[in-house]
Amino acid sequence: MSDKLKLDLAANILATHIKAESVDVFMVAGSGFREALPDLENPVRFKMSAIPHFPSPAVAGHGDDLIFGTHNQKSVLIATGRVHLYEGYSAND
């Protein structure tokens, strides 16, 4: 399967959860920053692992959630964790 097709499939799944034309702010909150996340209005939480061809953290304690909502009239998407090369992902992934 081509990288473009994988990206399109993941983007289509994301679009079902994110009800906005675009995201104004994207944050990646490592495990030490989850307590400092802003309170979002109308938050929608979903698992990265549920998105086909989307890398999701596999290390215990690393978050697997994406949270979408608004804050100060801006659309915000927060990843509660991230993947690392030592998890077996390539830089391209």
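The values are calculated or read from the model by the stated rules, or taken from the named source; none is laboratory data. It should be emphasised that the depicted structure is a prediction, and the values quoted were computed from it without experimental measurement. All Cβ positions, even for glycine, are placed from backbone atoms using ideal geometry, and neighbour counts span all protein chains on display. Quick note on the areas: whole protein, heavy atoms, side chains included, nothing else; ligands and nucleic acids left out. Shrake-Rupley method; radii C 1.70, N 1.55, O 1.52, S 1.80 Å.
Here the spin labels are modelled as points 7 Å beyond Cα on the Cα-Cβ line, and at Glu21 and Ala50 they lie 2.7 nm apart.
Taking the Cβ of Phe68 as the center, what net charge do the other residues with Cβ under 9 Å away carry, scoring Lys and Arg +1 and Asp and Glu -1?
Details: positive: Lys19, Arg45; negative: none.
It works out to a net charge of +2.
Placing R0 at 35 angstrom, the Cβ-Cβ distance between Leu9 and Leu37 gives a FRET efficiency of 0.80 after rounding to 0.05. Per-residue surface analysis assigns His71 an accessible area of about 70 Å², computed on protein heavy atoms at 1.4 Å probe radius. Just one of (i) 12.3, 35; (ii) 13.5, 40; (iii) 14.8, 43 is Rg and Dmax of the Cα atoms in Å calculated from these coordinates, so which is it? Read-out from the structure maps to (ii).
Accessible area of the chain with a 1.4 Å probe: how many percent of it is carbon plus sulfur? Kindly include the intermediate steps, with their values, before the conclusion.
Numbers: 3380 of 6200 Å².
On the chain, the fraction of accessible area on carbon and sulfur atoms equals 55 percent.
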